[in-house]
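Chemist: This structure is in structure tokens; I'll ask about it shortly.
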Amino acid sequence: MNFLILFVTNSILLGIGLAMDAFSVSIANALNEPEMKIPRMSLIAGCYAFFQFIMPVAGWVCVHTIAQIFTSFQKFIPWIALILLLYIGGKMLWESFHDEESDDSSEIKKLTFVLLIVQGVATSIDALSVGFTIADYNFSSALAASIIIAAVTFAICITGLKIGKTVGTRLSGKAEILGGLILIGIGIEIFVRGVFFAS
């Protein structure tokens, strides 16, 4: 019973830690789309939760199969996240300034499915490393931990989307600029943490 409580608590804490980037990106997305409806919010949060589920499982599988290759790949994780988020954030900034030059500024740029997938990968790719953290688990335990991480991520991202919607409504046309800056900031933070503070 004590092991179960410890297991669930550890998984929840892992989920909270891993979901912070997705939380910030959720705020950025909702800033840009303050009229977002609940089904769309659920889709976005569900996408992030899916990747936060699949990455630790993939990491666990890599540790138990191709550990040497996976260890070599790990050093590229911060670079991949940086490039993806700089691209998305930079695109948002460019579009916001480009739209200001045109007369049609009322059109809301919605997050496309492709960009959503890219965001999902970028914000969860560091969760591959969790495969090392849960390497001592058997597969069913690793799967259960990943499900808990995904559930926590979903709840946190829904919260982020609600916060972003509230703030986005008040910011009007400046929301896309703030959203782009947030994404770029997250990319830099993941890069710095992964390159300079990796243990």
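The values are calculated or read from the model by the stated rules, or taken from the named source; none is laboratory data. The structure presented is a predicted model; accordingly, all values stated were derived computationally and were not measured. Ideal geometry is used to build each Cβ from the backbone, glycine not excepted, and the neighbour counts take in all protein chains shown. Please note that ligands, DNA and RNA were not included when accessible areas were found on the heavy atoms of the full protein model with its side chains. Shrake-Rupley method; radii C 1.70, N 1.55, O 1.52, S 1.80 Å.
Chemist: Quick check on packing: order 139-148, 15-24 by the mean number of other C-beta atoms within 10 Å, highest mean leading. Could you put the intermediate results ahead of the total?
Modeler: Values: 139-148: 17.6, 15-24: 22.5.
Ranking the peptides 139-148, 15-24 by packing returns 15-24, 139-148.
Chemist: Using a simple spin-label model with points 7 Å from Cα along the Cα→Cβ vector, what separation in nm is obtained for Leu13 and Leu115?
Modeler: 3.7
Chemist: Roughly speaking, to the nearest percent, how much of segment 1-47's 1.4 Å accessible area is carbon and sulfur?
Modeler: On the way: 1770 of 2320 Å².
Ligands and nucleic acids excluded, carbon and sulfur give 76 percent.
Chemist: Of the listed peptides 152-165, 125-138, what is their order by residue-averaged count of other C-beta atoms within 10 Å, with the highest listed first? Before the final figure, lay out the partial values.
Modeler: Working: 152-165: 22.0, 125-138: 19.2.
Packing proxy ranking, top to bottom: 152-165, 125-138.
Chemist: Further question on the same structure: With the Cα gyration tensor of segment 1-92 giving a ≥ b ≥ c as the square roots of its eigenvalues, does the rule (a/c under 1.5 for rounded; else a/b larger than b/c for prolate; else oblate) give rounded, prolate or oblate? Walk me through the numbers on the way to the answer.
Modeler: Numbers: a/c = 2.58, a/b = 1.29, b/c = 2.00.
Taking the square roots of the gyration eigenvalues as a ≥ b ≥ c, segment 1-92 is oblate.
Chemist: Next question. How much length is gained on full extension from Phe196 to Ala151, taking 0.36 nm per residue of separation minus their Cα-Cα distance? Provide the component values of the computation, followed by the final result.
Modeler: Numbers: separation 45, 0.36 × 45 = 16.20 nm, distance 2.99 nm.
Value of the extension gain: 13.2 nm.
Chemist: What nm value, rounded to one decimal, do you get for the distance between Val167 and Phe97 when each label is placed 7 Å out toward the C-beta?
Modeler: Each label point lies 7 Å from its Cα, and together they span 2.2 nm.
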